[in-house]
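Participant: This is the structure, below, for whatever I ask next.
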Amino acid sequence: MFHKLPIANDIDACFMHKVDGGFSLKKFKEMAELGSIALEFIRARCNDGTLPILNLPYHRDDIVSWKPIVDRYQSLYDDVVILGIGGSTLGSATICALVDGCVITAPRIHFLDNIDPISFDSRLSSFDKEKTGFLAISKSGSTTETLTKLLIVIDRLGNKNFSTQIICLTEPTDNPMRRIAATHGLLCLDYDPKVIGRFSALSTAGLLPAAIAGINVEGVRRGAAAVLDATIFAKNPLDNPAIAGAAINVALARDHGINQTVFLPYVERLERLSIWFRQLWAESLGKEGYGTTPINAMGVVDQHSQMQLYLAGPRDKFFTVICSDPRGLGGRIRGELAGSAAESLNYLLGHTMGDLMAAEQQATIDSLISNCCPTRLIRFSNLNEEVMGGLIMQFILETIAAAQMMRINAFDQPVVEETKLLIRQFLQEEN
Ligand SMILES: O=P(O)(O)OC[C@H]1O[C@H](O)[C@H](O)[C@@H](O)[C@@H]1O
């Protein structure tokens, strides 16, 4: 308990004394009561175990139990394909991005989320059938897109011995995925029914693919536990980054019309985190006329694409800039290669690519602040498993806290079901 926090939050630039577009410290302090309600909700669920996502960071037994699967997949396959969509895969895709840039001998993990028939077929046919393992994940076991992909993969494998090549992960109910698994003799693991898909990044759904990818998933849980502990044991709710983050989002939307939340990491491996966060925030909070719209951005790419709008467009955005310290990393920019351009590039030559990234990160932060954009900074030095777990936990807690402050249920998505019914109707009519 009370491991060192893997990430640091700085919310100073959300307030009026720092940016004109921010809100007053007085108003922030008025959020203390809602902050306490949110914190009590989280503490109570953590203590009584009714929200297992708040207990998972402390578990290790499940990780040990996956070892035979991890060993088998790592030894047999060059590629492992994850079949799923939405909350069942975005968490694992987020964590699996940690392997980028690392020397790893584990299989390459691929996420086939979409059902674009051309892209799906082209990606599927790029794998060696004999050297590819599959993991189909669906909490409900009835998501049409995932079942379609699973059945197409079974068809394409087309030999009698594929039963060990595919593992399913779904709730222990009588659902279509379980029936398909039983028909073909596939191993079917239990997806805890109390873990909601978009909150499942730290459960089997998020961590089994990551373990197969060779990631230290205990480190991910450790980072999450540190952030969770800091919340559970917070003395003052608004001193806690997740509760404060929720309070800022809710108050800026309610009192200042700031109804868009821009997620701007300066670490490319966090691109998937952005997409995971987008579902978490949107599906959990977009209810009863509430919610703010998450916007994915990426430093430095969007400096050359979105920054004009961010700095001079409507004052309806709250910014979360996620920063590492890339100084000194990457290739060095050598003057002798620049020829006659060297003189005009004096400011750049001799630096590394990481130095440039760091300067651009700081320039964006300073520009956001000087252009009156309420901005929160989340900092760490290097992205690793603990940091990833910490980030995931902070945004899970922040989402739960924001829902409590808005008095809405973070854990359902009633309107999504309407579209699903329509899809079934359309296909039935065509039959
Ligand atoms: O895991 P599954 O049951 O297949 O669900 C996958 C996704 O389906 C739906 O569209 C829900 O809105 C999402 O919250 C969920 O993550």
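Participant: Yes or no: G223 in a loop (DSSP other than H, G, I, E, B), at pLDDT 95 or above, within 26 Å of N382 (Cβ to Cβ) and of a type outside the set (A, V, I, L, M, F, W, C)?
Facilitator: Against the criterion (in a loop (DSSP other than H, G, I, E, B), at pLDDT 95 or above, within 26 Å of N382 (Cβ to Cβ) and of a type outside the set (A, V, I, L, M, F, W, C)), G223 does not qualify.
Participant: Six or more apart or on different chains, Cβ under 9 Å: which pairs go from a residue in the range 286-311 that's under 19 Å from E268 (Cβ atoms) to one that's open to solvent by 60 Å² or more (accessible area, probe 1.4 Å) and part of a loop (DSSP other than H, G, I, E, B)? Could you list them?
Facilitator: That search, which allows pairs on different chains as well, returns I295/Q306; A297/S305; A297/Q306.
Participant: Might you check whether a residue that is surrounded by fewer than 21 Cβ atoms within 10 Å (Cβ to Cβ) and in contact with a Lys or Arg (Cβ under 7 Å, 6 or more places away or on another chain) occurs anywhere in the range 31-45?
Facilitator: no
Participant: Additional query: Can you report the number of residues in the range 310-356 which are out of contact with any Ser or Thr (no Cβ under 8 Å at 6 or more places or on another chain), part of a loop (DSSP other than H, G, I, E, B), closer than 30 Å to I392 by Cα and open to solvent by 40 Å² or more (accessible area, probe 1.4 Å)?
Facilitator: Adding up the residues that qualify gives 2.
Participant: Here is a follow-up. Looking at the range 161-174 only, could you name the residues that are within 16 Å of the ligand (Cβ to nearest atom) and surrounded by fewer than 18 Cβ atoms within 10 Å (Cβ to Cβ)?
Facilitator: If the condition is that a residue be within 16 Å of the ligand (Cβ to nearest atom) and surrounded by fewer than 18 Cβ atoms within 10 Å (Cβ to Cβ), then P172, T173, D174 are the ones that fit.
Participant: Out of G289, G299, I need the residue that is assigned to a loop (DSSP other than H, G, I, E, B) and either over 23 Å from G21 (Cα atoms) or acidic (D, E) (or both). Which one?
Facilitator: Within the list G289, G299, the selection yields G289.
Participant: Is it the case, given these coordinates, that T419 is open to solvent by less than 50 Å² (accessible area, probe 1.4 Å) and either among the small types (G, A, S) or part of a helix (DSSP H, G or I) (or both)?
Facilitator: Criteria not met by T419.
Participant: Could you tell me which residue of the range 204-220 is farthest from N161 (Cα to Cα), considering only residues that are open to solvent by less than 10 Å² (accessible area, probe 1.4 Å) and within 13 Å of the ligand (Cβ to nearest atom)?
Facilitator: So the residue we want is G206.
Participant: Quick one: which of R179, R108, R198, R156 is open to solvent by 70 Å² or more (accessible area, probe 1.4 Å) and closer than 20 Å to A97 by Cα?
Facilitator: Just one listed residue meets the conditions, R108.
Participant: Would you confirm, using the coordinates I've provided, whether G158 is touching a residue at least 60 places away in the same chain (Cβ under 8 Å), away from the ligand (no atom under 16 Å from the Cβ) and not β-branched (V, I, T)?
Facilitator: Judged against the criteria, G158 is not a match.
Participant: Give me the helices (runs of 4 or more DSSP H) completely within the range 17-125, filtered to those with at least 3 residues that are at pLDDT 95 or above and either hydrophobic (A, V, I, L, M, F, W, C) or away from the ligand (no atom under 16 Å from the Cβ) (or both), ordered by residue number.
Facilitator: 32-48, 61-65, 67-76, 87-96, 117-125
Participant: Another one. Out of (1) part of a helix (DSSP H, G or I); (2) more than 27 Å from A93 (Cβ to Cβ); (3) touching a residue at least 40 places away in the same chain (Cβ under 8 Å), the odd one out for G389 is which?
Facilitator: (2)
Participant: Does any residue in the range 132-153 that is open to solvent by 10 Å² or more (accessible area, probe 1.4 Å) come within less than 7 Å, Cβ to Cβ, of a residue that is hydroxyl-bearing (S, T, Y) and near the ligand (Cβ under 7 Å from one of its atoms) six or more places away or on a different chain, and which pairs are these?
Facilitator: As it stands, the answer is K139/S88, since those pairs meet every condition given.
Participant: Could you list, in sequence order, all residues of the range 131-144 that are more than 8 Å from the ligand (Cβ to nearest atom) and either among the charged types (D, E, K, R) or under 21 Å from R108 (Cα atoms) (or both)?
Facilitator: Passing the criteria: K131, T132, G133, F134, L135, A136.
Participant: Right, next: Taking the range 237-285 as the search range and keeping residues that are aliphatic (A, V, I, L, M), within 16 Å of the ligand (Cβ to nearest atom) and within 19 Å of A403 (Cα to Cα), which one is most open to solvent (accessible area, probe 1.4 Å)?
Facilitator: This residue is A282.
Participant: While we're looking at this one, here's another question. E398: assigned to a helix (DSSP H, G or I), within 13 Å of the ligand (Cβ to nearest atom) and out of contact with any Ser or Thr (no Cβ under 7 Å at 6 or more places or on another chain), yes or no?
Facilitator: It is false that E398 is assigned to a helix (DSSP H, G or I), within 13 Å of the ligand (Cβ to nearest atom) and out of contact with any Ser or Thr (no Cβ under 7 Å at 6 or more places or on another chain).
Participant: Looking at this structure, is M357 under 24 Å from the mean Cα position of the chain (by Cα) and closer than 30 Å to A401 by Cα?
Facilitator: No, not satisfied.
Participant: Consider P193 against the criteria (1) part of a loop (DSSP other than H, G, I, E, B); (2) away from the ligand (no atom under 11 Å from the Cβ); (3) open to solvent by 50 Å² or more (accessible area, probe 1.4 Å); (4) not β-branched (V, I, T): it satisfies all of them except one. Which criterion is unmet?
Facilitator: Among (1) part of a loop (DSSP other than H, G, I, E, B); (2) away from the ligand (no atom under 11 Å from the Cβ); (3) open to solvent by 50 Å² or more (accessible area, probe 1.4 Å); (4) not β-branched (V, I, T), P193 violates only (2).
The values are calculated or read from the model by the stated rules, or taken from the named source; none is laboratory data. Note that this is a predicted model, so its numbers are computed, not measured. Counting neighbours? That spans all protein chains shown, and the Cβs are built from the backbone with ideal geometry, glycine included. The protein model used for the area step is the full one, side chains on, heavy atoms only, and it has no ligands, DNA or RNA in it. Shrake-Rupley method; radii C 1.70, N 1.55, O 1.52, S 1.80 Å.
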